[in-house]
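Structure record follows, encoded as structure tokens.
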Amino acid sequence: MTHPDLAWLHPALNLPAAVLALALACYLLVGEPLLGRRMYRRLQQQRDRDPNALLRFLRQTMGFQAGFVAVTLACLALAPGLHARHLGLAWPAGPLRWQATGFTAYLVVIILVMGLAMRVRARRGRSVPGQAAFSAMLPRTRAERWHALAVAVGAGVSEELAFRGLLIATGVALFGVSPYVAAAALIVLFGVAHLYQGVGGMVGTALVGALLTGLYLASGSLLLPIVLHVVIDIRSLLLVPAPRSAPTDPGTATVTGARCLDAGDKV
């Protein structure tokens with residue numbers, strides 16, 4: 001079996017960049033699940049009596065996404081031994097790039113087809129498996145839909161930059177482990193960061209993270225995981241509406257899947 005060439009993934013971090021990267025890792029490990037659960041529960045309580053509750057939630061989410069991107073770019077600017085290529089900011093390359101690209105295209109088609117099937121199911125008033133877990137996040141107005149689209153795109157870009165871009169490179173640079181070991185650790189972190197979703201959501205998120213990480217290592221680029229991540233989030237938040245005849249009961253919704261990927265981050 002052909003293994004991707006990971007010679008490109010050997011960055012070097014100076015002290016300021018290392019401090020920033022480790023601070024981000026600690027936040028994703030501890031702060032993300034606690035804050036995410038608190039934010040979503042507040043949204044559940046306010047969704048049906050405050051018309052601006054979802055808009056505030058989505059705007060707060062976009063703020064965190066902007067922070068992830070800012071930390072990543074700051075590390076890139078501060079560390080002379082860290083280059084865009086080390087963070088996957090390059091076109092797909094390597095011996096498995098075409099296989100990874102084709103597989104990504106296949107998954108995008110499957111996700112969209114399944115999403116359309118679930119859309120029909122919802123419009124017929126039938127429940128959509130797993131949707132009750134993040135029902136408070138489903139947009140109802142045009143403004144909410146535009147905000148949800150921005151969050152879906154932002155989640156794909158910001159989370160891939162932070163988890164698979166910066167933090168895998170950080171593991172290799174600071175701890176001297178192989179890219180595969182660093183990637184495995186980040187898959188676990190990706191799941192643990194979604195602890196607020198419960199055990200099922202955490203495991204599901206880790207599995208999605210493993211898929212995205214595989215595409216990243218196979219292609220040497222974040223382009224493919226970003227595309228797939230965005231498509232997953234758009235399907236969850238925008239393509240499949242809440243069932244027409246299904247009552248909305250924020251009190252019965254669990255936190256599982258509240259960020260639409262996995263979904264991912266405050267989405």
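Read-outs throughout are calculated quantities, based only on the coordinates presented, and are distinct from any laboratory measurement. These numbers come from a predicted model, not from an experiment.
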Exercise for the section: May I ask you to give the average projected area over all directions of the convex hull of the Cα atoms of the range 26-65, in nm² rounded to one decimal? Expected result: 2.6
Exercise for the section: Subtract the Cα-Cα distance of residue 124 and residue 26 from 0.36 nm times their separation in residues, and report this length gain in nm to one decimal. Expected result: 30.9 nm
Problem - Space enclosed by the convex hull of the alpha-carbon atoms of the chain, per residue, Å³ - result: 116
Practice task
Give me Rg over Rh for the range 33-152, both radii from the alpha carbons and Rh done the Kirkwood way, two decimal places.
Solution key: 1.07
Completion exercise
A student asked for the Cα radius of gyration and Dmax of the range 86-164 in angstrom ought to give 16.5, 48
